Amino acid sequence: MWALYSFILVGIGITRKFRAIRIMALVVFIITIVKVFVFDTFEIAQIWRIMSFIGLGVVLVITSFLYQKHKDRIIGFVQKD
């Protein structure tokens, strides 16, 4: 739920070109990830814990790949603010 909220905030921040909303969205997303992987993973079975960490790793690798691929556009967009 909170991850969806942070994605909506990123969308609002991008469309309205409001940097503070984008930063707040990233903070909410980071807090959500930390909460899920620090507290909630202890309540699930070990196999699902392993799958969760593998999934997180895949998402982070894909995110870093996309950032590197579109780095120039991202930097240009951020510097316009």
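The values are calculated or read from the model by the stated rules, or taken from the named source; none is laboratory data. Because the structure is a prediction, the values reported are computed rather than measured. Backbone-built Cβ (ideal geometry, glycine too); neighbour counts: all protein chains shown. Side chains are part of the model used for accessible areas, which takes the heavy atoms of the whole protein and leaves out ligands, DNA and RNA. Shrake-Rupley method; radii C 1.70, N 1.55, O 1.52, S 1.80 Å.
Annotations
- Checked against (1) surrounded by 11 or more Cβ atoms within 10 Å (Cβ to Cβ); (2) closer than 28 Å to Ile12 by Cβ, Gln68 meets all criteria but (1).
- The residues of segment 16-34 that are charged (D, E, K, R) and either closer than 14 Å to Leu4 by Cα or without any contact (Cβ under 8 Å) to a residue 24 or more places away in the chain (or both), listed by number, are Arg16, Arg22.
- Filtered residue count, segment 1-59, keeping only those that are charged (D, E, K, R) and either at pLDDT 80 or above or open to solvent by less than 90 Å² (accessible area, probe 1.4 Å) (or both): 5
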